[in-house]
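Coordinate-derived values only; no laboratory data. The structure displayed is predicted, hence computed values, not measured ones. Cβ coordinates were reconstructed from backbone atoms using ideal geometry, including for glycine residues, and neighbour counts include every protein chain displayed.
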Protein chains: 2
Amino acid sequence: MKTQTKVDGNDLILIRHIAASPEAIWDALTDAEKLKQWFVPKPWTITEAVIEPRPGGRFLTKMVGPNGENEDCGPSEGCVLEADAPSRIVWTDALSGGYRPNETPFMTAIMTMEADGNGTLYTARALHRTPEDRQKHEEMGFAEGWGTVAEQLAAMVER
Amino acid sequence: MKTQTKVDGNDLILIRHIAASPEAIWDALTDAEKLKQWFVPKPWTITEAVIEPRPGGRFLTKMVGPNGENEDCGPSEGCVLEADAPSRIVWTDALSGGYRPNETPFMTAIMTMEADGNGTLYTARALHRTPEDRQKHEEMGFAEGWGTVAEQLAAMVER
């Protein structure tokens, strides 16, 4: 198993070695058309995506289920906080683009890409406000969901 | 009257010419001991302040009333999002230091300092999620509170 997940205080962490460059992973994270191909576990799909990789930029996705789940909902919008190509991107659902507050903050995500042998050590950290939020995220299937997504990312960039 | 306030969509804005350099205002905003002297309308006081002027840094203040109001409360902690000395600082109460989500996001503040004749055009913009939040902030006394605070800032840096 190439993917590890662990708990660190209120945070959940996923780590995976991917046999592709940090630049290729950065590209998959910050090019909206590429992001749509891997950022939700199949058979869910992303029907709309915007990612502006700069502080204050929008990070918007609309995820739709195989039976039309969420089809009538608006996209959910977060905000990019840091974007240091190709090694680190930070975004949060506590804010929308331009740093405007959102209604129900749940997490901030920090993705880092470090050169690692012939590939990249990809780390995704989800920061929560409380142990309860962290536990809720675990119960929502963090390890499986983010694991599947990392698998899809690897399959895309390693080919 | 040197201070203007206005509404822009969901935002509230305060503008004031201050007869001091952008650097002096930056310093008053980012040095915790200085911040404590002006950042709450007197006779309230700030008994504790931390400001880390870098993306992800903490912005923490504990404001206490003249009759001990809030004395038993913890300080409130926000997060610095941008810090470009001496011209722009952005922070939000939607996050704590290190970008961890907070419980009840209300606003993001953007302060800019632009050279203006023999002084600085100081602009403070409060971004809200909804028109209702903006109106609530107006009713809480944005114009008077932020106006008094800008007056206190000017009195400190102009002397």
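Here are some notes:
- Any hit, segment B:67-77, residues being part of a strand (DSSP E or B) and within 30 Å of A:Ala126 (Cα to Cα): yes
- Filtered residues of segment A:34-52 (kept if outside any helix (DSSP H, G or I) and not hydroxyl-bearing (Ser, Thr, Tyr)): A:Phe39, A:Val40, A:Pro41, A:Lys42, A:Pro43, A:Trp44, A:Ile46, A:Glu48, A:Ala49, A:Val50, A:Ile51, A:Glu52
- Of all residues in segment A:128-159 being of a type in the set (Val, Ile, Thr) and away from every other protein chain (no Cβ under 14 Å), the one that is farthest from A:Ser21 (Cα to Cα): A:Thr148
- Residues of segment A:1-26 satisfying the condition of being surrounded by fewer than 17 Cβ atoms within 10 Å (Cβ to Cβ) and in a helix (DSSP H, G or I): A:Glu23
Residue by residue, here is whether (1) within 14 Å of another protein chain (Cβ to nearest Cβ); (2) closer than 15 Å to B:Arg100 by Cα holds:
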residue	(1), (2)
A:Glu71	no, no
A:Ala83	yes, no
A:Asn118	no, no
A:Ala126	yes, yes
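- Total residues in segment A:106-123, condition among the hydrophobic types (A, V, I, L, M, F, W, C), surrounded by fewer than 20 Cβ atoms within 10 Å (Cβ to Cβ) and either more than 25 Å from A:Gly56 (Cα to Cα) or touching a residue at least 60 places away in the same chain (Cβ under 8 Å) (or both): 3
- Options B:Thr61, B:Thr108: the member that is more than 20 Å from A:Ile110 (Cβ to Cβ) and among the hydroxyl-bearing types (Ser, Thr, Tyr): B:Thr61
- The test for being outside any strand (DSSP E or B) and among the basic types (Lys, Arg) holds for B:Arg129.
- Total residues in segment B:92-105, condition surrounded by fewer than 18 Cβ atoms within 10 Å (Cβ to Cβ), without any contact (Cβ under 8 Å) to a residue 40 or more places away in the chain and at the interface with chain A (Cβ under 8 Å from one of its Cβ atoms): 1
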